[in-house]
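Below is one structure, written out as structure tokens; the observations come after it.
The values are calculated or read from the model by the stated rules, or taken from the named source; none is laboratory data. Since we're looking at a predicted model, the values are computed, not measured. All Cβ positions, even for glycine, are placed from backbone atoms using ideal geometry, and neighbour counts span all protein chains on display.
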């Protein structure tokens, strides 16, 4: 039906963005729109809880390394970033802390990047007054971008580095944010391309092999990446390189990264003096 953004744009301009996504769900998986939205509603519930639990109850959502940062950012009154960016960062950190404490999250598209899309989604809800149906349609748009990245490249940190995890999540979130402001399908993919380019080459170097540091803070920066990429696209800023080509470039870069920088905890900050000391404390 469609294999890349170029194919999808042609179909969506004839049939509509959400309608085209739902049509594929039915043709490939025999899921009607009712069953799709029922599943999305469940996803929304999990995402919403993950974005607030570590803010409301920080003591019960701590991992081996991280904990309490979501609450700190949420409570911060003075910032350069502004209200909505601070809100998004706190929500992204919350989901990451819930994940680190073995709480329930939605891997979107991975556990390591679980805070980016929910943070963007529920910040947009607050800012724009989105309805539940609008939020679910936004998730469909995010899933479309994730599907195309997965089928043409990878979202695995072990295969492509953190650019493939947090980068893909930011791309999914940025396209969703453009959709919420009635951007065109071309602008949706343009924002996603900008998001991926912004973190091209980002390595995956988890301290002690845990999805905590630097992962949580990359979720916070990832949602900000999504927000600024959406804003640029809506303002008419062009990615220059189209989404499909950016995805291929990301995949090639990921394949070029050495094994030490692909989720093995054998490179980057994982083998810094402090990183090794933390690892020793955890496992000795």
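Quick look at the numbers
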quantity: Failed condition for residue 34, given (1) touching a residue at least 40 places away in the same chain (Cβ under 8 Å); (2) assigned to a helix (DSSP H, G or I); (3) exposed (fewer than 13 other Cβ atoms within 10 Å of the Cβ); calculated: (1)
quantity: Options 73, 85, 98: the member that is touching a residue at least 24 places away in the same chain (Cβ under 8 Å), assigned to a helix (DSSP H, G or I), surrounded by 24 or more Cβ atoms within 10 Å (Cβ to Cβ) and on the phi < 0 side of the Ramachandran plot; calculated: 98
quantity: Top-ranked residue of the stretch 7-17 - restricted to ones that are in contact with a helix residue (DSSP H, G or I) (Cβ under 8 Å, 6 or more places away or on another chain) and surrounded by fewer than 19 Cβ atoms within 10 Å (Cβ to Cβ), ranked as nearest to residue 151 (Cα to Cα); calculated: 11
quantity: From 66, 55, 117, residue being assigned to a loop (DSSP other than H, G, I, E, B), touching a helix residue (DSSP H, G or I) at 6+ places or on another chain (Cβ under 8 Å) and either at pLDDT below 95 or crowded, with 17+ Cβ neighbours inside 10 Å (or both); calculated: 66
quantity: Any hit, the stretch 101-114, residues being out of contact with any helix residue (DSSP H, G or I) (no Cβ under 8 Å at 6 or more places or on another chain), without any contact (Cβ under 8 Å) to a residue 12 or more places away in the chain and closer than 20 Å to residue 19 by Cα; calculated: no
quantity: Options 239, 229, 221: the member that is closer than 19 Å to residue 142 by Cβ, surrounded by fewer than 20 Cβ atoms within 10 Å (Cβ to Cβ) and either modelled with pLDDT of 95 or more or more than 14 Å from the chain's Cα centre (by Cα) (or both); calculated: 221
quantity: Lone qualifier among 164, 153, 170, 208 - being on the phi > 0 side of the Ramachandran plot and in contact (Cβ under 8 Å) with a residue 24 or more places away in the chain; calculated: 208
